[in-house]
Every structure is written in C-alpha cells, then in structure tokens.
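Peer 1: Please find one structure pasted underneath; my questions will follow.
The values are calculated or read from the model by the stated rules, or taken from the named source; none is laboratory data. In this text, all values refer to a predicted model and were calculated from it rather than measured experimentally. All Cβ positions, glycine included, derive from the backbone under ideal geometry; neighbour counts span all protein chains shown. Heavy atoms of the whole protein, side chains included, go into the accessibility calculation; ligands, DNA and RNA do not. Shrake-Rupley method; radii C 1.70, N 1.55, O 1.52, S 1.80 Å.
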Amino acid sequence: MGNDLRIIKELGRGGNSRVFLAKRSGTDEPVTLKMAKLTDGEADFHSLKSFENEACILSTLHHPAVPKIYERIRNGIVLQYFEGSSLENVLVEKGALPEKTAAGIALEMAEILRYLHGRRMPVIYRDLKPANIVLKPDGHVALIDFGAARFYRKDDRADTINLGTYGFAAPEQYGNLGQTDPRTDIYCFGMTVLQLIAGIDTKDSDAVKRCRQSGVSGISNEFMQIIDKCIRPDRDDRFRSAKEIQEALKAYPRIVKRKKILGAVKITVSAAVISFALSVGMIFWNSVKSYAASDFEQRLPAVQQRFYSAKVWILDRFLDEQEGEGN
C-alpha cells in the first residue's frame, strides 16, 4: 500500500478484492483504494490480472461519470472516489423508484454506455447492476468497478473469461454464444432498470416473467416496452445500440402524454354525448309534460261538465224512484 494513503473505512468487497475509502496524507482528497485479498501474504493471480485490466481500460477513458485511475500500487489500484450511495443501497433504504426518477437515471446510463461503446476500441462493461451505479448528491449517477470490463475486438470469437452477475448477465455471458458486445450491456441495462422500478430479485425468473407479462404497478406500458426490448434472450431482438435506447427514452414521454390527452378527449366527448342525450330527453319530457298539462287544462271543463250532468241525472233518477215508492 502507498505510504501516503490513510484508510478511512471499507466500502465493500468482492470475490477477490476489498474496496476502501482512503485519503492522501496531508490532504482531504478522498480516493477509492481497491486491494486484492491476500492469501498467506500473497495476492491472488487472477485479482492482479483483473486490476491490471481495469487500470488499462480506465487509463483510456475520460468521462465525468467514469472514475479516473490515479496510480497502480502493490496489490491494488487508486481511483477517483464518487461521493454518494449505490443504487443497490437506495433500493434497500427507499424501495423501488418512481418511473420519472428511474427514466432519468436510465437516460444517463444509456449516455455512459454510448460513450463506452462508441470508442475506437469499444469497451464492454459486462457487469452493469445497481451495486455498481453511484447516485451522487447532485442527483446524477456514476459508473464504478470496471473489473469485469473488456475491450471489444471484432475478430474475437469468444470472451477469454466469462464474467458477470447472475440475474443481470445476458445469456451470452455464460459462454458458447460468441463474444460479448454492446448488446450484452444493453441486456444488463434492462435488468438493472427493471429492478429499479419493480424492486424484484432479478435472479427470480418467475418474478421477472410476471413483470414482463403483467407490467409493474404505476409504470407506463411504454416504459415497460423499452425494458422488455432490452432484455430479450436473443441479442438480435434487442436494441442495437445505446443511442437507440436514448432515442426511445426521450420519445416515450410524448407518447404517454398523447395517450393521456386522447383518453381525456374521449372522456370529454363521451360526457358531452351523454349530457346532450339527457338534455334532449329533458326537453322532450318537458314538451310532453307541457303538452299533457295544456291538454288537461283544455279538457278539464268538459270533464267537469260531464261529471255535473251525471250527478244531476243520478239525482233525478233517485228522486223519481223515491216518488214512485211514496205513491
């Protein structure tokens, strides 16, 4: 370990490494210190190769959401530190994210992937998941831990080592399906966003299937369709690039808004039709009632006259019968 580094706390650990928050002696600058786990005082060979690969890749990248590599040290590397919480911790503390928040994060992640994939020698990240995404205090995100990343070479037939996290890794990351490419990261991206909005364990294939078939409560069908296209088993059925994802994410809110407007118009038109029908009915009923009242008023005197005549006739007959009985 460099003599000028002072460990503050442990940030996490993986299969062959431990990650610490550290500071350089005499300064307040925080850095990330990634160290290989030691066995009998020696670092694992594969860990050292992973560090060497990570340092090599990061030295070629210059993006505000990707950590800078500061130096190689014995059994480890020193990296730029991003303040904030991993999205994995955010999910644990706050639960699933609202669609608008998740869509904003997805758009930023798609931009980072577009940068990685668009380089002269594309970088395939291969381990995109909430644990490797830091939500910074300003609301933006950063991508950390490039230990599984690799350079994409068109002529390669397969990855040298199959890496990835079960539940997020694409089918081709398990071997025998050719080398990983940008569409591999797109699959991991889709599974990551699905976990952000649904809060499910992506290793649970039944839960993933239910989300794909029935949707997620509070999430628009249009957003779910973007996720679904990312996580199709056959990579030829997925988005072809991060740029396509960006375009879809930017376009879908307008589609959702248009559908809401059309829905509101349909409700308004239906209400207007019902209101018109009721108005016509009331007018017709009032006309009938008015006609009936008028007709009754006209006919009432005649009816009253008939009742009076009948009364007189009945009274005369009654008097005649009384006189007959008296005689």
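Peer 1: Among the listed residues Ile186, Ile226, Ile200, identify the single one that is of a type in the set (A, V, I, L, M, F, W, C), under 20 Å from Ile105 (Cα atoms) and not in a helix (DSSP H, G or I).
Peer 2: None of the other options fit; the residue is Ile200.
Peer 1: Just for region 214-223: of the residues that are closer than 20 Å to Gly104 by Cβ and part of a helix (DSSP H, G or I), which one is most open to solvent (accessible area, probe 1.4 Å)?
Peer 2: Ranking the candidates gives Asn221 first.
Peer 1: Can you tell me which residue within region 229-239, out of those that are free of Cβ contacts under 8 Å to residues at least 60 places away in the same chain and assigned to a helix (DSSP H, G or I), is surrounded by the fewest Cβ atoms within 10 Å (Cβ to Cβ)?
Peer 2: For region 229-239, the residue satisfying everything is Asp236.
Peer 1: Out of the residues in region 1-53 that are under 15 Å from Ile144 (Cβ atoms) and of a type in the set (Lys, Arg), state the one that is nearest to the chain's Cα centre (by Cα).
Peer 2: Arg13
Peer 1: Now a separate question. So Asn176 passes all but one of these: (1) open to solvent by 30 Å² or more (accessible area, probe 1.4 Å); (2) modelled with pLDDT under 95; (3) assigned to a helix (DSSP H, G or I); (4) not β-branched (Val, Ile, Thr). Which condition number does it fail?
Peer 2: (3)
Peer 1: State yes or no: is Val31 open to solvent by less than 90 Å² (accessible area, probe 1.4 Å), touching a Leu at 6+ places or on another chain (Cβ under 8 Å), modelled with pLDDT of 90 or more and under 30 Å from Ala198 (Cβ atoms)?
Peer 2: no
Peer 1: Taking the condition surrounded by fewer than 19 Cβ atoms within 10 Å (Cβ to Cβ) and either out of contact with any helix residue (DSSP H, G or I) (no Cβ under 8 Å at 6 or more places or on another chain) or at pLDDT 95 or above (or both), does Gly190 pass?
Peer 2: no
Peer 1: How many residues does region 104-119 contain that are open to solvent by 60 Å² or more (accessible area, probe 1.4 Å) and part of a helix (DSSP H, G or I)?
Peer 2: Number of matching residues: 2.
Peer 1: Return the pair list, or none, for Cβ contacts closer than 7 Å from residues in region 48-67 that are open to solvent by 40 Å² or more (accessible area, probe 1.4 Å) to residues that are aliphatic (A, V, I, L, M), at least 6 apart or on different chains.
Peer 2: Matching pairs, first to second residue: Leu48/Ala36; Ser59/Ile69.
Peer 1: Conditions: (1) more than 19 Å from Leu87 (Cβ to Cβ); (2) open to solvent by less than 20 Å² (accessible area, probe 1.4 Å). Cys211 meets all but one. Number of the miss?
Peer 2: Only one criterion in (1) more than 19 Å from Leu87 (Cβ to Cβ); (2) open to solvent by less than 20 Å² (accessible area, probe 1.4 Å) is unmet by Cys211, namely (1).
Peer 1: Going by the structure shown, is Lys94 open to solvent by 50 Å² or more (accessible area, probe 1.4 Å), closer than 25 Å to Met224 by Cβ and of a type in the set (D, E, K, R)?
Peer 2: Considered against the rule, which asks whether it is open to solvent by 50 Å² or more (accessible area, probe 1.4 Å), closer than 25 Å to Met224 by Cβ and of a type in the set (D, E, K, R), Lys94 comes out as yes.
Peer 1: Looking at Arg126, Arg150, which is the one that is buried (at least 22 other Cβ atoms within 10 Å of the Cβ), closer than 26 Å to Ser17 by Cα and among the basic types (Lys, Arg)?
Peer 2: Only one candidate qualifies: Arg126.
Peer 1: For region 29-49, enumerate the residues that are under 14 Å from Phe82 (Cα atoms) and not polar (S, T, N, Q).
Peer 2: Correct list: Glu29, Pro30, Val31, Leu33, Lys34.
Peer 1: Can you go through Arg24, Arg72 and tell me which one is basic (Lys, Arg) and open to solvent by 50 Å² or more (accessible area, probe 1.4 Å)?
Peer 2: Selected residue: Arg72, the only one of Arg24, Arg72 that is basic (Lys, Arg) and open to solvent by 50 Å² or more (accessible area, probe 1.4 Å).
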